[in-house]
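Data block below; observations after.
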Amino acid sequence: MAPSADPVSRIVIENVAIATVDAHDTEYASGHLVVAGNRIESIGAGPAPQGLQNVVRRIDGTGHLATPGLINTHHHFYQWITRGMATDHNLFDWLVALYPTWARIDEPMVRAAAQGSLAMMARGGVTTAMDHHYVYPRGSGDLSGAIIGAARDMGVRFTLARGSMDRSVKDGGLPPDFAVETLDGALAGTEATIDAHHDASFDSMTQIAAAPCSPFSISTELLRQGAELARRKGVRMHTHGSETVEEEKFCHELFGMGPTEYFESTGWLGDDVWMAHCVHMNDSDIAAFARTGTGVAHCPSSNARLAAGIARVPDMLAAGVPVGLGVDGTASNESGELHTELRNALLINRLGAHREKALDARQALRLGTHGGARVLGRTDQIGSLEPGKLADLVLWKLDTLAHASIADPVTALVFGAAAPVTLSLVDGKPVVEDNHLITADEDAIARATRDEARRLARIAAGA
């Protein structure tokens with residue numbers, strides 16, 4: 001047999017603190033990581049094994065913490081170009097104020113907004129991003145393709161939740177009539193996106209989920225048929241649920257039941273489903289999510305920004321509900337960063353009933369890594385640092401003024417200021433070096449997002 005050509009290249013990281021976030025929360029005060037191609041080959045205490053072949057890079061990780069890459073489980077990229085608007089509104093008033101502007105988006109705007117959203121997340125340690133895009137104005141171009149292309153160019157792993165709305169104001173919903181699709185159009189668009197872009201392989205960089213928007217913007221039939229479509233195609237399902245008291249009231253008035261009961265009646269509870277927010281969940285709701293394996297994308301900053309309330313995350317975790325973290329759209333979380341959500345999740349949940357026992361630093365890190373992988377159905381591939389898993393990892397610099405006096409590195413990462421990213425690998429390839437993107441021009445993206453935000457504002461003002 002001929003020798004193998006092009007032996008796999010290796011990156012070796014040594015002298016680094018490691019939080020693996022594996023099933024045992026294994027940590028190393030000073031250890032090593034070996035990346036071979038796009039997989040983690042070895043991890044452990046002390047220096048790397050001797051005699052490794054084809055080492056293309058050695059990194060001294062002194063003063064750093066290595067963790068799995070962060071995983072974002074809920075976002076709306078297009079909102080990057082409508083940040084800073086309706087800043088003193090609750091959810092329903094905020095949506096009514098912004099839907100008329102959002103309904104004017106087009107392909108260049110969406111591509112620029114996706115680039116801005118992705119760049120901000122990637123620079124802050126996100127290696128797997130997710131976008132729930134549900135606004136598809138007629139004649140606006142290939143919006144799904146623009147978003148997927150932006151993620152591909154940035155080099156991050158990505159899930160597009162192909163959203164949809166078919167319940168407008170004339171049907172008792174919140175979106176304006178011109179901002180929604182037809183039932184058949186929404187289903188056809190979702191299926192076409194799945195067929196064109198979904199990759200179910202182990203090291204997939206692009207996956208698609210079926211994602212009707214929310215109870216107050218979609219018909220019952222879209223929920224039912226959307227669930228049937230997703231399960232026929234073998235993709236996951238995503239929507240908003242139990243975000244506000246107004247939504248609870250809306251569901252009782254329109255459907256005669258609360259959101260969780262309504263979702264279950266339409267086929268929308270299951271271990272292939274995750275929902276954003278889930279702020280207003282009673283004991284029965286949490287039990288239903290735990291029984292069915294339905295996941296939750298917890299978005300603490302957005303929930304606070306829109307005064308939605310404090311989600312019962314400690315109770316969900318105690319019941320066994322899968323929980324990950326989400327940025328949410330940047331029109332309700334203007335920072336657009338996920339690493340700050342580690343801290344905010346911990347602090348905001350300590351304002352709830354469990355007080356100082358609500359979450360600790362390691363639970364917060366797990367929400368942003370392994371929890372996200374569980375919600376997206378990808379724990380075999382990502383979310384923890386283990387041999388055989390994909391090489392999505394981050395080196396956080398913790399030896400500067402902001403963190404150096406905090407002895408425990410995980411505490412420093414979660415409780416401290418946002419830590420710089422010295423290196424972020426996605427699929428074994430560098431995306432961030434020394435706190436700067438290397439796969440995109442940050443200044444060019446900033447200019448493009450500013451220009452498209454101004455163009456959208458002019459179009460909306462003239463509508």
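A few comments on the model shown:
- As a summary of the residue check, Leu91 satisfies the conditions (1) hydrophobic (A, V, I, L, M, F, W, C); (2) modelled with pLDDT of 95 or more; (3) out of contact with any strand residue (DSSP E or B) (no Cβ under 7 Å at 6 or more places or on another chain) except for the one numbered (2).
- Failed item, numbered, when Thr182 is tested on (1) crowded, with 21+ Cβ neighbours inside 10 Å; (2) under 27 Å from Leu229 (Cα atoms); (3) of a type in the set (S, T, N, Q): (1)
- Condition check for Gly336: assigned by TED's automatic domain parsing to the domain that holds His76, crowded, with 22+ Cβ neighbours inside 10 Å and of a type in the set (Gly, Ala, Ser): yes
- Evaluation of Gln225 against the conditions (1) touching a Leu at 6+ places or on another chain (Cβ under 9 Å); (2) free of Cβ contacts under 8 Å to residues at least 60 places away in the same chain; (3) surrounded by fewer than 18 Cβ atoms within 10 Å (Cβ to Cβ) shows that the sole unmet condition is (3).
- Among the residues of segment 129-143, the one identified as in contact with a Phe, Trp or Tyr (Cβ under 6 Å, 6 or more places away or on another chain) and assigned to a loop (DSSP other than H, G, I, E, B) is Val135.
- Residue among Gly124, Gly69, Gly46 that alone is among the small types (Gly, Ala, Ser), at pLDDT 95 or above and surrounded by fewer than 24 Cβ atoms within 10 Å (Cβ to Cβ): Gly46
- Residue selected from segment 232-251 under the condition touching a strand residue (DSSP E or B) at 6+ places or on another chain (Cβ under 8 Å) and within 19 Å of Asp199 (Cα to Cα), by the criterion surrounded by the most Cβ atoms within 10 Å (Cβ to Cβ): His238
- If you go through segment 187-235 and keep only what is assigned to a loop (DSSP other than H, G, I, E, B), farther than 19 Å from Ser168 by Cβ and β-branched (Val, Ile, Thr), you end up with just Val235.
- Counted residues, segment 71-127 - those being closer than 29 Å to Lys429 by Cβ and charged (D, E, K, R): 3
- Among the residues of segment 165-182, those that are part of a helix (DSSP H, G or I) and either among the charged types (D, E, K, R) or under 27 Å from Leu376 (Cβ atoms) (or both) comprise Lys170, Asp171, Asp177.
- Among (1) in contact (Cβ under 8 Å) with a residue 40 or more places away in the chain; (2) more than 25 Å from the chain's Cα centre (by Cα), the one test that Val96 misses: (2)
- For first residues located in segment 281-298 and free of Cβ contacts under 8 Å to residues at least 24 places away in the same chain, partners that are surrounded by fewer than 19 Cβ atoms within 10 Å (Cβ to Cβ) and part of a strand (DSSP E or B) and lie 6+ apart or on another chain with Cβ distances below 9 Å do not occur.
- Scanning segment 318-362 for residues that are free of Cβ contacts under 8 Å to residues at least 60 places away in the same chain, farther than 10 Å from Ser301 by Cβ and touching a helix residue (DSSP H, G or I) at 6+ places or on another chain (Cβ under 7 Å) returns Ala319, Gly320, Val321, Pro322, Val323, Asn349, Arg350, His354, Ala358, Leu359, Ala361.
- Qualifying residue in segment 361-380 (condition: assigned to a loop (DSSP other than H, G, I, E, B) and on the phi > 0 side of the Ramachandran plot): yes
- Selection count, segment 252-280, where residues are over 22 Å from Val235 (Cα atoms), crowded, with 16+ Cβ neighbours inside 10 Å and either out of contact with any helix residue (DSSP H, G or I) (no Cβ under 7 Å at 6 or more places or on another chain) or acidic (Asp, Glu) (or both): 1
- Restricting attention to segment 72-102, the residues being crowded, with 24+ Cβ neighbours inside 10 Å and under 30 Å from Thr400 (Cβ atoms) number 4.
- Positions within segment 394-426 being out of contact with any strand residue (DSSP E or B) (no Cβ under 6 Å at 6 or more places or on another chain), surrounded by fewer than 20 Cβ atoms within 10 Å (Cβ to Cβ) and not polar (S, T, N, Q), in sequence order: Asp399, Leu401, Ala402, Ala404, Ile406, Ala407, Asp408, Phe415, Gly416, Ala417, Ala418
- Among residues that are at pLDDT 95 or above, under 30 Å from Ala36 (Cβ atoms) and within 23 Å of the chain's Cα centre (by Cα), Thr260 is not included.
The values are calculated or read from the model by the stated rules, or taken from the named source; none is laboratory data. What you see is a predicted model, and the numbers here were worked out from it, not measured in a lab. Here Cβ is always computed from backbone atoms with ideal geometry, including for glycine, and neighbour counts include all displayed protein chains.
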